[in-house]
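Notes for the one structure printed next.
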Amino acid sequence: MKQAINMSHLFEKLKDLKALFVYGEKLIPIIQSLVDFMKDTVPLLENINHSIADSTSKIPKASHQLNNVTSATELATTEILDLVDAVTKEVRGVEKSLKAFINSEEEKAKLFESLSPYIQGNPEALKIYEEIKLKVTAPQEINPLYESFTKIKDYAYNITLSLQVQDITAQQLAAVNHLIESVQDRLSGLISDLEINEVREFGNLSMPVPEGVTFDPNARYDKSDQNQQNVDEIIKAQSETTTQDEIDKLFS
C-alpha cells in the first residue's frame, strides 16, 4: 500500500516536471528573442553613445564662437556709439554757435533800423548805411543751416536707437548659449548613464554665461522710443531663461 502511494506521488512529480519542461519550451523562444534584441541593441547604444560624445565635444566650440560674436558686435557697437556721441557733441556746439550768431545778427539789424531816422537827408551817410546793411546776414539765411544741424542731431539720435539691435542680438545669443549649456549638461549625463564599453571622459566642459548678463530670448528689434524703454526694463529685470523642465523634454 505504501509503495502504491509512493508511485502515485512519483507520477505527480513527473507530471509537474513535464509541465515545467513544456513551460520551458515556451519560454526559451522568448529568452532567445530577448537575447537577439540585446545583441541588436548594444551596437545601437554604442552608436548613440558615440554620437552624443561627438556632439558634446563640439558644443563648447559653438558656445565659444557665440561669445566671440557677442564680443565683436559689442565692441563695434561701442565704437560706433562713441563716434555718434562725438558727432552729436560737435553738432550741438555748432548749433549753439549758430543760434548765438542768429541772435547777434538780429540785434545788429535792430540797431541799423534804429539808426535810419538819424541819417535821413544825409546822402553820404545813407550810402554807407546801405552798404553796411548788405553785409549784415539776414536771420532767414542762417535758419536753414541751423535747421540742418538740428536734423543731423536727430539722425545721430536715431542711429543710437537703431544700435539697440546689438543689445537684442546679445540677449538672444545669451539665451542660445544658456540652452546650449543646458543641453551639454544633459548630454554629459547621458554619457555617464550609458556606461557602454570605452566611454570618453570629457572633464569640465561648462560654458558659464558672464556674471551680470541678463537676456530676453524673445527680444525683437524696434525703432520706437517705447520699445527701447521696454528693452531697458528687460535688461534690468530678471531674465527669462530656459527652464530645466524644457531641457528635460528634449530627452523625454
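Report yes if Gly93 is surrounded by fewer than 13 Cβ atoms within 10 Å (Cβ to Cβ), modelled with pLDDT of 75 or more and either touching a Cys at 6+ places or on another chain (Cβ under 8 Å) or outside any helix (DSSP H, G or I) (or both), otherwise no.
no
Conditions (1) over 30 Å from Ser148 (Cβ atoms); (2) in contact with a helix residue (DSSP H, G or I) (Cβ under 7 Å, 6 or more places away or on another chain), marked per residue:
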| residue | (1), (2) |
| --- | --- |
| His50 | yes, no |
| Glu74 | yes, yes |
| Thr77 | no, yes |
| Arg92 | no, yes |
| Phe101 | no, yes |
| Lys133 | no, yes |
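Is one or more of the residues making up the stretch 177-196 in a loop (DSSP other than H, G, I, E, B), touching a helix residue (DSSP H, G or I) at 6+ places or on another chain (Cβ under 6 Å) and at pLDDT below 75?
Checked the stretch 177-196: at least one residue is in a loop (DSSP other than H, G, I, E, B), touching a helix residue (DSSP H, G or I) at 6+ places or on another chain (Cβ under 6 Å) and at pLDDT below 75.
Kindly list, by first and then second residue, each pair from a residue in the stretch 102-116 that is closer than 15 Å to Glu141 by Cα to a residue that is among the aromatic types (Phe, Trp, Tyr) and surrounded by 14 or more Cβ atoms within 10 Å (Cβ to Cβ), limited to pairs with Cβ atoms under 8 Å and residues at least 6 apart or on different chains.
Cβ pairs passing all conditions: Ile102/Tyr146.
For a quick check of your reading of the model, give me the residue pairs whose first member lies in the stretch 16-38 and is surrounded by 10 or more Cβ atoms within 10 Å (Cβ to Cβ), whose second is assigned to a helix (DSSP H, G or I), with beta-carbon atoms closer than 8 Å and at least 6 apart or on different chains.
none
Hey, among Ser114, Ser206, which residue is modelled with pLDDT of 75 or more and either at positive phi or among the small types (Gly, Ala, Ser) (or both)?
Ser114
Being of a type in the set (Ser, Thr, Tyr), surrounded by fewer than 13 Cβ atoms within 10 Å (Cβ to Cβ) and either at pLDDT below 80 or under 30 Å from Ile180 (Cα atoms) (or both) is true for just one of Thr137, Thr78. Which residue is that?
Thr78
Looking at Ile52, Ile102 in this structure, which one is in a helix (DSSP H, G or I), at pLDDT 75 or above and surrounded by 14 or more Cβ atoms within 10 Å (Cβ to Cβ)? Even if it seems obvious, please write down each step before you answer.
Details: Ile52 fails: at pLDDT 75 or above.
Being in a helix (DSSP H, G or I), at pLDDT 75 or above and surrounded by 14 or more Cβ atoms within 10 Å (Cβ to Cβ) holds for just one of Ile52, Ile102, which is Ile102.
The values are calculated or read from the model by the stated rules, or taken from the named source; none is laboratory data. These numbers were taken from a predicted model, which means no experiment stands behind them. In this analysis, Cβ positions are derived from the backbone assuming ideal geometry, glycine residues included, and neighbour counts consider all displayed protein chains.
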